[in-house]
1. Say we look at region 82-104 and pick out the residues that are part of a helix (DSSP H, G or I) and within 16 Å of the chain's Cα centre (by Cα); which of these is surrounded by the most Cβ atoms within 10 Å (Cβ to Cβ)?
2. Looking at (1) over 20 Å from residue 44 (Cβ atoms); (2) assigned to a loop (DSSP other than H, G, I, E, B), find the lone condition where residue 140 falls short.
3. Looking at region 143-155 only, could you name the residues that are on the phi < 0 side of the Ramachandran plot and not in a strand (DSSP E or B)?
4. Taking region 82-97, which residues are without any contact (Cβ under 8 Å) to a residue 60 or more places away in the chain and either within 11 Å of residue 30 (Cα to Cα) or not β-branched (Val, Ile, Thr) (or both)?
5. Just checking, how many residues over region 114-148 are under 19 Å from residue 87 (Cβ atoms) and β-branched (Val, Ile, Thr)?
6. Of the residues 79, 74, which single one is surrounded by 15 or more Cβ atoms within 10 Å (Cβ to Cβ), in contact (Cβ under 8 Å) with a residue 12 or more places away in the chain and out of contact with any strand residue (DSSP E or B) (no Cβ under 7 Å at 6 or more places or on another chain)?
7. Can you give me the number of residues within region 125-165 that are of a type outside the set (A, V, I, L, M, F, W, C), within 14 Å of the chain's Cα centre (by Cα) and surrounded by 15 or more Cβ atoms within 10 Å (Cβ to Cβ)?
8. Condition (residue is of a type in the set (S, T, N, Q), crowded, with 17+ Cβ neighbours inside 10 Å and part of a helix (DSSP H, G or I)) applied to region 13-30: is it met by at least one residue?
Amino acid sequence: MAIVSDSHDNLPNIKKAINYINKQKISVMIHCGDVCAPVILGEFAKLFKGKEIHVAKGNVDGDIEGFKAMARKYPKIIYHGNTGKVDIDKLSITFCHEPFLAKKMAESQKYDFVFHGHTHKPWQEKVGKTTILNPGTLAGLFNKATFAIFDTETKKAQLILLEQI
C-alpha cells in the first residue's frame, strides 16, 4: 500500500508519485490529510489505477462537502473524516492527520499501525505493539517531497524520496 500525506495541491509531485505507485501495482492508497482542494482529490482518483484511496481530513482541508462530493463521484475514494480505519492482511491500521491524535490511538494498543501527517517530516516510532509512521510531505513543503510504500506481508515501510524516482 502507498501512504501519502500533505500533498497541498502540488499536482506535479502528485502525478510523479502516483506514476511510481501505479508501476508498483499498488491497489490501496492512504492519504493522511492536507490534500487541500477537493478537485485535487478528484485528480488522485483519475490518476491512481488501484482500487481504493482512503482519505483522512487534514487541518487545511476546509471544504468537507467538496471532499464528500468527490467520494460520491469516484467510488474508489473513501473519505473517512478525522480518522480512518482499514483491516488489510490481518493488520489493524488506523490513520489521521494530527500527530497528537496518532499518538493517542497508538497508546490505546488497539492497532498494529497508525499513520499520520501534519509535521511534513518522515517519522517512525514504536509505542508498545503499535508502529506510528509519518510518510512526510508529498508537496515538498519545509522538507523534501516523500511518501511511503508499506508492505503488509513484511510489515515494513520504505520511504520514497520523490527526487530519486
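1. Once the filter is applied, the top-ranked residue is 102.
2. (1)
3. Of all residues in region 143-155, those on the phi < 0 side of the Ramachandran plot come to 143-154.
If the condition is that a residue be on the phi < 0 side of the Ramachandran plot and not in a strand (DSSP E or B), then 143, 144, 152, 153, 154 are the ones that fit.
4. Selection gives 82, 84, 85, 86, 87, 90, 92, 94.
5. Total satisfying the criteria: 4.
6. The match here is 74.
7. 5
8. yes
Each reported figure results from applying straightforward, stated rules to the coordinates on display, with no laboratory input. Source: prediction; values computed, not measured. Glycine gets a Cβ as well: all are built from the backbone with ideal geometry, and neighbour counts include every protein chain shown.
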